[in-house]
Amino acid sequence: GEVSHRWPSALPDGRRVLFTIKKEGIKSFDEGEIAILDLDSGSWKTIIQGGSFARYLPTGQIVFARGDTIFAVPFDLSREKALGDPIPAVSGVMTQPGSGAAQFAVAQEAGTLVLDPLVHDECGVATVVEIMFGPSSGHPHRACSVHHQYSSSVSPFHANTGTPRGLSMVPLGP
């Protein structure tokens, strides 16, 4: 049976919510289920097997964590259905498989994914990977491997951008 429901994220219509289901016997949330809850009826259904911490993107995908990787899958919001198999979008993201937490957030209006990398180099520098979602396929592809660097030391904010140090910003649109 279901043990807990975690990591809710409201969908754009305000009537549905993505969340993670923990079931009895799973060893990590890499075995969790991602579900969609209809707030009007109170019913939910599983839409993705294996993962946690799902977020809907304004570009029509769901991103979620499995291991240290953020996966993306095109999603038909009106039919509440994934359109294909999830594919890796960004690896090396800090996650906690025991709780299902993942250190990323989506800035919906800016079309940006903000993440905390799993590994920083010896100077505490995090790197940025740009991810672009093609309008026809809906699949992510890397636009470049290293774009900017933010230091996780000295002060809480990057002097030029106001970005918290140690966080990476990943643009999601063209």
Calculate, in nm to one decimal, what LYS81 and ALA105 gain on full extension: separation in residues at 0.36 nm each, minus their alpha carbon distance.
6.4 nm
For the stretch 11-21, in order, what is each residue's ³J(HN,Hα) by Karplus, 6.51 cos²θ - 1.76 cosθ + 1.60 with θ = phi - 60°, in whole Hz (x at glycine and Pro)?
8, x, 6, x, 10, 9, 9, 7, 7, 9, 10
Report the rotationally averaged projected area of the stretch 53-105 based on its alpha-carbon convex hull, in square nanometres.
3.7 nm²
Using amide H atoms built 1.01 Å from N in the peptide plane, name the residues 5+ places from LEU83, or on other chains, whose amide H lies under 5 Å from its own.
PHE75, ASP76
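Read-outs: derived from the displayed coordinates by stated rules, not from any lab. Worth saying up front: this structure is predicted, and the values here are computed from it rather than measured.
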